[in-house]
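Participant: So that we are looking at the same thing, I have put the structure below in structure tokens.
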Amino acid sequence: MQGLKNPRSNPEAAAGQNQPAGACCCLGGTRGSPHTQTSPRLPAYARVRSASSCLTGRLCSCRLAATASEKRGREGEAMGPGGGGGDMARVRLVLLLLLGLGCSNGGRCSSAQTLLPTQEVEALKGIARKLNKTDWDFSVDPCSRAGNWANSTGFLVSNVTCDCSFKNFTECHIIGLELMRQNLSGILPEEVVNLTYLQYLDLSRNFIQGPIPASWGDLPVYNLSLQGNRISGTLPKELGRMPMLKSIQLEGNQIEGPIPPELGNISTLERFFISANNITGELPSTFSRLTNMTDFRIDGNSISGKIPSFIKNWQSVNRIDMQGTLMSGPIPPEISLLKNLTELRVTDLSGPSMKFPPLQNALHLTEVVLRNCSIYGEIPSYLGQMLYLKVLDISFNKLTGQVPPDFGVMVALQYLYLTDNMLTGDLPAWMLKNKASNKVNMDISYNNFTGNPPSECQQANVNMVSSFLSSNDNSLQPCLRKNLPCTTKPHHSSLFINCGGKNVAVNGSTFEDDSSQIGTSTFVLSDDKKWAYSSTGDFVGNENADYIARNTSKLALAYPELYTEARLSPLSLKYYGLCMENGEYIVKLHFAEIVFTDDHTYSSNGKRIFDVFIQGAKVLEDFNIQDEAGGVHRAITKTFATNITDNTLEIHLYWGGKGTTAIPYRGVYGPLISAISVTKSGNHHGLSTEVVIAIVIGAACLAIIILLIVFYFKVFRRKNAKRNGRHSFYHGRKTNTSDLQTRAQYFFSLKEIESATKHFDPANKIGEGGFGPVYKGTLADGTTVAVKKLSSKSSQGNREFLNEIGIISALRHPNLVRLFGCCIDGDQLLLIYEFLENNSLGRALFGRSEHQLKLDWPTRYNVCLGTAKGLVYLHEESTLKIVHRDIKPSNILLDEKLQPKISDFGLAKLNDDCGRVSTRIAGTVGYMAPEYATRGCLTRKADVYSYGVVVLEIVSGMSNINSMSSEEYLHLLDWAERLKQQGKLLEMVDHRLGSDYSQEQALRLLSIALLCTSTSPTQRPRMSSVVKMLCGQLPIEVVPDDDNLNEDLRLNIALSHRSMNNSRTDWSEMPSSEMPSSGPSILLHNSKDSGYLPSSSSSSLKL
């Protein structure tokens, strides 16, 4: 039984090599294997080889092998016609011979020494390095299943599986690699491609980053699972070369770009999971060739276009998930040909209305979700005749008519959601009988039923809120009517709810208890009938899920009681303010992401996305609490103005199928809210003329008093300051430790800041910049902050200080430093920021050795990407349209997870509609675009230039403002251009990385950097294009070289730049002791078209 040389040459034998993790490999045993259900039954000769492998490969004892062979023999004899009983008899005979020849040493199988090729051992070492896996013991044979080479505990799996039947059982090859829930970090290792016999690779639920290597397209795997990580980049088209791939599972990552049409070439593909990524484009037409497809999931991606009719070719498909995409209807009628379909989930389709899709031929359907698809007409009666249907969700459509009577006899039905349709007729009697049986969870709210109404709005598991047509019948409960009308005199003008929590007093207001446990279809009315809520939906895959999220870590927030618990809903959550006075209101919604973690584990990979409506108007779309708050366990309050005209307030939180659904476990997705506060704004209606006059007179008097106070501070404050040494503009104000993370422009007293920084103790000094020193401080509530102190000798002055306050306080983005507040005390100006543990990128790369951080390649790539996204927000997404003017490593700070955040907006300028601002020169030599340094011409492209220089520094690990060791090349850009011309651009990569980096990504970054530093601003890309290039969504443009130099003009430019530099120096926010030893140098460009030196210049001028 000679082992096959390559599994590609014989797919059937290759399948036989599959020995799942945690199982003895005898006879292809699959004890506890997650692949048991999907792996094909092994052919007889393959099982013989596997058994032989075990016997001679020191993996199983002879007794276990014999037992396994007898059991499999009985299974073979029990098979149907042609089942292979004779084959199994021959297998047993061969096994007995092997047992007789190979067993010795106390029952252990003995044979010639089997060896794992050096290439595969080295591949494992490379994989361990890239994934930071430290518990593999390479002094032990990886195929021995000792030394942590086979270790499975519960959901934690770490297994290397070998087949040792090659070359007469003297050579082993790795056929399986499973590293699940190991909290591995690092990047996807290209070394995996050297495991040429690998059949299944599972790295799911870790913290792995970076793109999928294109070289993996040569792997002979049939199962590839990377779900629940932080995989980025695009789907490599090379994956279409995998001839044996049956399952690809990439759910819950950060993959971007379109689906390569080459994936349609994988004729063996059965399972395709890419839900919860950032995939764009349409489904490739080549997918019509995937005739073996059984499970297709694309939820939560920005995939567009119509649902293709080629799904008719998927005759074996049993599950289709298309929730929360950008696809449009109608569902093609060809879906009627999919007779093996058991689960269908299609939601939130755009496009025209459509009739109910023809599903009558799919007799084995167990779950149908067609939510918010603009379906009109009556509910088909054949649905009531489906014997296996457990879940039917056709809510948020335009369905009319009556509920089919057959629904009352559906034996398997467990969940029925008909909410928000236009169903009419009498309420079926069997629904109310459900009260006794508690059999089916139903939501029939927001319909137009008539007839004899129930006495309650919630009966057992049936939610009936607002389900009846309004009438004058006083017997109809208000909660059953449309819009929940008030039947008494409206008397409420405020509302405070601690969603999911107990009563808590905050700032003199009591947030009411909302801690009741609810089910899948629930309407709850508060004890005082002041408010209510309605929850709809069930958590897929977790029938025991909790509808209240609870925080398990310490919250460093003011009033953490508001955020310790939160109300959670899998689909739709509506809060109502009842019997409210009509008028204008301010609605504040309090959020904090308390389910996900902020560590480097897969539990931090979750992504929650939902929409929010107030009074039927969408106020938040694709809302992500974590992104808005700047991280998990941080609070964010969203404030809205609304108008109540019918005495009822409705706040609706809706999940549209986006985000992750199983991280860190199933049953934690969907809308989540911590608290709600509603207060009246403006004058009350119906005030008398006398009262209005009195209010006006009082307001005028108050205004005069305020003006006098302001005049006093303006005229006399400076005199008092000189006489008393200092006087706080906010003298005497007591600090209220409210939530710093939800309130911008919070004014601190100088006493607070002095206490936080221990009177600006030099030991707390963490940097020095154009504003002056930066200190670390700890506020009274334990919040750690960074205090930027504006020196009285600073050349920046109050104008830019106030400019920074105004600009930063208006910005919210995960890649921008957050401003908590400020302090103005006499001539002393202070800014209070969030504290970032890892200081600046400049110190991490170029600081003293004890301050430098080991930035691996994935981190560097992520810093480049995150910085680019921050600039996209400044340039294109924020309402202010800001040019930063001073992008450099010391202005890019790193948080505890080494995520980049852009800081120092004191130099920022608001960009006008023309995209150009002419202003005085301000910035840092070595990072300024030539047109800005020489003519003061400032556009967004100046930031693009600076970004390109920073990328060169990140890739090379060298500072652009420090002279290089070579006299020939004095600057990074000069050196990069020359290396590019020589075809040696990768020589620029930081030598400290060794070979642990992606060459493809390095070339991409360097090419983008050269494009960004193009001589002409018009040739530089927009930052949004840069992000797409980094993610592989756009090709990188090539700028032609220009070697025509004008040395005289170049000198003039350099001299003018030096003159500007003499008026202002702002090298870095690092302490001077950490600056590079040599002086700064500047690279200026020219071209014959614009008067700038070309970026391809091989010479430069050092000042």
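The values are calculated or read from the model by the stated rules, or taken from the named source; none is laboratory data. Every value quoted in this text rests on a predicted model; they were computed, and no experiment measured them. A quick note on method: Cβ atoms are made from the backbone with ideal geometry, for glycine too, and the neighbour counts reach across all protein chains shown.
Participant: Among all residue pairs at least 6 apart or on different chains, which show Cβ distances below 6 Å where the first residue, located in segment 248-274, is without any contact (Cβ under 8 Å) to a residue 40 or more places away in the chain and the second is charged (D, E, K, R) and part of a strand (DSSP E or B)?
Facilitator: GLN254/ARG230
Participant: Taking segment 162-182, which residues are among the hydroxyl-bearing types (Ser, Thr, Tyr) and under 16 Å from THR118 (Cα atoms)?
Facilitator: THR170
Participant: While we're here: Out of all the residues in segment 321-332, is one or more closer than 17 Å to LEU571 by Cβ and in contact with a Cys (Cβ under 8 Å, 6 or more places away or on another chain)?
Facilitator: no
Participant: Report whether or not GLY842 is buried (at least 24 other Cβ atoms within 10 Å of the Cβ), more than 22 Å from the chain's Cα centre (by Cα) and among the small types (Gly, Ala, Ser).
Facilitator: Yes: the conditions hold for GLY842.
Participant: Tell me which residues, restricted to segment 772-787, are among the hydrophobic types (A, V, I, L, M, F, W, C), touching an Asp or Glu at 6+ places or on another chain (Cβ under 9 Å) and assigned to a strand (DSSP E or B).
Facilitator: Across segment 772-787, the qualifying residues are VAL774, VAL785, ALA786.
Participant: Further, regarding this structure: Restricted to segment 877-896, and to residues that are under 19 Å from GLY847 (Cα atoms) and within 20 Å of the chain's Cα centre (by Cα), which residue is modelled with the highest pLDDT?
Facilitator: Ranking the qualifying residues of segment 877-896, first place goes to LEU894.
Participant: Being basic (Lys, Arg) and assigned to a loop (DSSP other than H, G, I, E, B) is the filter; apply it to segment 845-875 and report the residue that is nearest to the chain's Cα centre (by Cα).
Facilitator: Ranking the candidates gives LYS854 first.
Per-residue answers, yes or no, for (1) hydrophobic (A, V, I, L, M, F, W, C); (2) within 19 Å of ILE187 (Cβ to Cβ):
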| residue | (1), (2) |
| --- | --- |
| ALA844 | yes, yes |
| GLU850 | no, no |
| LEU855 | yes, yes |
| ARG860 | no, yes |
| CYS864 | yes, yes |
| HIS875 | no, no |
| ILE882 | yes, no |
| GLU896 | no, no |
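Participant: Let me ask another. Please pick out the residue among GLY257, GLY233 that is within 23 Å of THR601 (Cβ to Cβ), outside the structural domain of ARG1004 (by TED's automatic domain parsing), at pLDDT below 95 and touching a Cys at 6+ places or on another chain (Cβ under 9 Å).
Facilitator: GLY233
Participant: Can I ask one more? For segment 277-299, check the following and say yes or no: at least one residue is modelled with pLDDT of 95 or more, small (Gly, Ala, Ser) and crowded, with 20+ Cβ neighbours inside 10 Å.
Facilitator: Taking every residue of segment 277-299 in turn, none turns out to be modelled with pLDDT of 95 or more, small (Gly, Ala, Ser) and crowded, with 20+ Cβ neighbours inside 10 Å.
Participant: Still on this model: I'd like to verify a number: residues in segment 569-585 that are surrounded by 22 or more Cβ atoms within 10 Å (Cβ to Cβ) and closer than 15 Å to CYS486 by Cα, how many?
Facilitator: Number of matching residues: 4.
Participant: Still on this structure, I have one more. Any idea which residue in segment 106-147 is surrounded by the fewest Cβ atoms within 10 Å (Cβ to Cβ), counting only those that are at pLDDT 90 or above and basic (Lys, Arg)?
Facilitator: LYS125
Participant: Would you be able to say whether some residue in segment 745-765 is at positive phi and at pLDDT below 50?
Facilitator: Yes, that holds for at least one residue.
Participant: Which one of LEU819, LEU855, LEU845 is within 30 Å of ALA756 (Cα to Cα), modelled with pLDDT of 90 or more and in contact with a helix residue (DSSP H, G or I) (Cβ under 7 Å, 6 or more places away or on another chain)?
Facilitator: Unique residue meeting the criteria: LEU845.
Participant: Write out, first by first residue and then by second, each pair whose Cβ atoms fall under 7 Å of each other, whose residues are 6+ apart or on separate chains, and whose first residue, in segment 935-947, is assigned to a strand (DSSP E or B) while the second is among the polar types (S, T, N, Q).
Facilitator: Within 7 Å, the pairs are CYS937/SER918; LEU938/SER918; LEU938/THR919.
Participant: I would also like to ask the following. For segment 632-666, what are the residues that are surrounded by fewer than 20 Cβ atoms within 10 Å (Cβ to Cβ) and of a type in the set (Lys, Arg)?
Facilitator: Result: LYS638, ARG666.
Participant: Under 7 Å by Cβ, and 6 or more places apart or on different chains, what pairs join a residue from segment 516-533 that is at negative phi with one that is among the aromatic types (Phe, Trp, Tyr) and in a loop (DSSP other than H, G, I, E, B)?
Facilitator: Final answer for the pair search is GLN517/TYR547; ILE518/TYR547.
Participant: Suppose we filter segment 588-638 for residues that are acidic (Asp, Glu) and assigned to a loop (DSSP other than H, G, I, E, B); how many remain?
Facilitator: 3
Participant: I've got another one for you. Which strands (runs of 3 or more DSSP E) does segment 490-586 wholly contain that include 2 or more residues that are at pLDDT below 90, under 24 Å from GLY616 (Cβ atoms) and over 23 Å from the mean Cα position of the chain (by Cα)?
Facilitator: Filter on segment 490-586 gives 521-525.
Participant: Spot the failing condition for LEU476; the list is (1) touching a strand residue (DSSP E or B) at 6+ places or on another chain (Cβ under 7 Å); (2) surrounded by fewer than 19 Cβ atoms within 10 Å (Cβ to Cβ); (3) modelled with pLDDT of 90 or more, and only one is missed.
Facilitator: In the conditions (1) touching a strand residue (DSSP E or B) at 6+ places or on another chain (Cβ under 7 Å); (2) surrounded by fewer than 19 Cβ atoms within 10 Å (Cβ to Cβ); (3) modelled with pLDDT of 90 or more, LEU476 misses (3) alone.
Participant: Here's another thing I want to ask about it. Quick one: in segment 166-208, of everything that is hydrophobic (A, V, I, L, M, F, W, C) and in a strand (DSSP E or B), which residue is farthest from LYS607 (Cα to Cα)?
Facilitator: Here the answer is CYS172.
Participant: Out of all the residues in segment 268-285, which are among the polar types (S, T, N, Q), under 14 Å from the mean Cα position of the chain (by Cα) and part of a loop (DSSP other than H, G, I, E, B)?
Facilitator: SER275, ASN277
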